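*Asks:* Pasting in a structure now, in structure tokens, and then I'll have a few things to ask.
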């Protein structure tokens, strides 16, 4: 289905976008004016206008929306009303990316403070903090079963985290000696493969259990940016 949405031309670009699991809702955060737009894709209409934030993610069931703020917090909104259910505090720098687990029970956040955090979406409680990166975290993603998290960082590493033990399962750096940010990450829902995007168009896949490089691709003309509309490298 094709849909076209108008936006304020004073806001130059969309920082993040996110679909609900059924594809019915589309959220977009505008980094210039810190506004969030929420659209009903089928009706081609904007349905909420009272939310603000810099990055955004919608739960798979379409009931919750999470957004980072300029106070380094994350707000969890109720989609039907725009009401703030929880304010998640704990990061000390800009929250760059977030994602709901497949069952929507957890939210994972990655921040420029170099930490990854998981949160209980029902209570808003902090579950765990994952600390091993030495520079800002640019993107995070859950595995389908919620047992693993992958994070990509400005420190030129991607880390596979074991959620239950709050430990590093594997640390991966690009196979070629390239000093560059890892700005895009994804986990294959049907195998042990992970993918990272980095630098000027670099893309690699690797085995999450052994760290062995599987494939390398090049050809993108500019930075691989962490944005859900086009960096989901594997179909769920």
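*Asks:* If each residue's Cβ is checked for other Cβ atoms within 10 Å, how do 86, 133 rank with the fewest at the top?
*Replies:* By the 10 Å Cβ count, ascending: 86, 133.
*Asks:* So if each residue of separation counts as 0.36 nm, and I subtract the Cα-Cα distance between residue 103 and residue 166, what length gain in nm does that give?
*Replies:* Taking residue 103 through residue 166 to full extension adds about 20.8 nm, to one decimal.
*Asks:* Let me ask something else. Before anything else, pin down the relative contact order of the stretch 12-89: Cα pairs under 8 Å, at least 6 apart, normalised by residue count, whole percent.
*Replies:* RCO, the stretch 12-89: 22 percent.
*Asks:* A follow-up question, please. Each label point is 7 Å from the Cα along the Cα-to-Cβ direction; what then is the distance between the points at residue 87 and residue 190, in nm?
*Replies:* 4.5
*Asks:* Any idea what the alpha-carbon Rg over 2.2 N^0.38 Å comes to for the stretch 12-89?
*Replies:* Cα-based Rg divided by the globular estimate yields 0.98.
*Asks:* Any idea what diffusion coefficient the stretch 15-163 gets from Stokes-Einstein, in µm²/s, Kirkwood Rh on alpha carbon pairs, 25 °C, 0.890 mPa s?
*Replies:* Result for D is 163 µm²/s.
*Asks:* A further question follows. Which length gain, in nm to one decimal place, applies between residue 135 and residue 70 when the Cα-Cα distance is subtracted from 0.36 nm times their residue separation?
*Replies:* This chain segment gains 21.5 nm when fully extended.
*Asks:* Distance in nm between label sites at residue 24 and residue 47, each 7 Å beyond Cα in the beta-carbon direction?
*Replies:* It is 0.6 nm.
*Asks:* Given points 7 Å out from each Cα along the Cα-Cβ axis, report the residue 80 to residue 120 separation in nanometres with one decimal.
*Replies:* Distance between label points: 2.3 nm.
*Asks:* Another question, if that's okay. What percentages make up the Cα-Cα pair-distance distribution of the stretch 52-105 when the bins are 10 Å wide from 0?
*Replies:* With a bin width of 10 Å, the distribution comes to 27, 57, 16.
*Asks:* Over the stretch 34-135, what is the mean sequence separation of C-alpha contacts under 8 Å (at least six apart), divided by residue count, expressed as relative contact order in percent?
*Replies:* 17
*Asks:* For a Förster distance of 25 Å, can you work out the FRET efficiency between the beta-carbons of residue 175 and residue 127, rounded to the nearest 0.05?
*Replies:* That gives a FRET efficiency of 0.15.
*Asks:* Continuing with the same structure: On each of the three principal axes of the Cα atoms of the stretch 96-175, give max minus min coordinate, whole Å, ordered largest first.
*Replies:* Ordered largest first, the stretch 96-175 gives principal extents of 38, 23, 18 Å.
Bear in mind that the values in this text are calculations on the coordinates, not laboratory data. All values derive from a computational prediction rather than experimental measurement. Cβ atoms come from the backbone with ideal geometry, glycine included; neighbour counts cover every protein chain shown.
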